[in-house]
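Here's the structure we're looking at; comments come further down.
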Amino acid sequence: MDNIIFRKFLFCTLTLCHSPLSAYDFSDNSYLAPAYIFPAWFNVIERGINEQELIAQCVQEKSVCPSHLRGLRVVISRGQKLNRKKQIQLTNRWVNQHQRYRSDRPRTSFFSTTPKRIRQEWGTLIDFLQRGGDCEDYATSKYLLLRQFGIPPDDLRIVIVLDRRKREHHALIAVKQGESITFLDIDNRVYKKLPSIYRSIYSINENAIWDHDQPSKV
């Protein structure tokens, strides 16, 4: 990737960029780069995919299922029989019930104009079940569980937003259903549009990154 574009992406990821408020969409107009240029995210997705075999074995045979995955086994077994709308609702409720919110340890980043302490460490679904996590981990866990239900990556994105009340970044899930998009946050509601307190900054799935911190090109 061009170095200037890469630095711009990192700057907008790690700082509170300002831009006009616009509706979130799944178009490729804001495509920025392939996902592998974001190593912290790409690594956790690779680990999450590698864990799928263990989870599949757990679903098929209870006797080989570790205790910390037995709840997941029940959820997947039941969820596989549901339609997409109900799978989304089940995923949101089940992940949100794990009330072990844990903030990442801050690290220093020098990508922004001023060195800034940030928290950014992604965990897999199994990581989350074992140790809890922050909003990124809730979002990643929902993403990976929805992938277990067969929802393709093209219909899923983790959206990093600016919470305009708290003036800090936050992560939630966007899921495409036909022509509509639903959003899953850390409450149990399924939103039909991005809540007005949020402004989308960028989004990511296992294939690509989209930069939403620009005026809409549509």
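Work out, step by step, the length gained on full extension between Asn50 and Lys193: first 0.36 nm times the residue separation, then minus their alpha carbon distance; give nm to one decimal.
Stretched out fully, the Asn50 to Lys193 stretch lengthens by 48.2 nm.
How much accessible surface area, in Å² rounded to 10, belongs to the heavy atoms of Ser67 with a 1.4 Å probe?
Surface open to solvent at Ser67 totals about 90 Å².
Can you sort His212, His68 by solvent-accessible area, 1.4 Å probe, largest first?
I get His68, His212, largest accessible area first.
For the residue pair Lys62 and Arg78, what label-to-label distance in nm results when each label sits 7 Å from Cα along the Cα-to-beta-carbon direction?
Label at Lys62, label at Arg78, 1.4 nm between them.
Accessible area, 1.4 Å probe, largest first: how do Asp154, Asp185 sort?
Asp154, Asp185
Roughly how many nanometres apart are two label points built 7 Å out from the Cα toward the Cβ at Asn43 and Ser27?
If labels sit at Asn43 and Ser27, their model points lie 3.6 nm apart.
The values are calculated or read from the model by the stated rules, or taken from the named source; none is laboratory data. Given the structure is predicted, the values throughout are model-derived calculations rather than measurements. For neighbour counting, all protein chains shown are included, and Cβ atoms are generated from backbone atoms with ideal geometry for every residue, glycine included. For accessibility, only protein heavy atoms count, side chains too; no ligands or nucleic acids. Shrake-Rupley method; radii C 1.70, N 1.55, O 1.52, S 1.80 Å.
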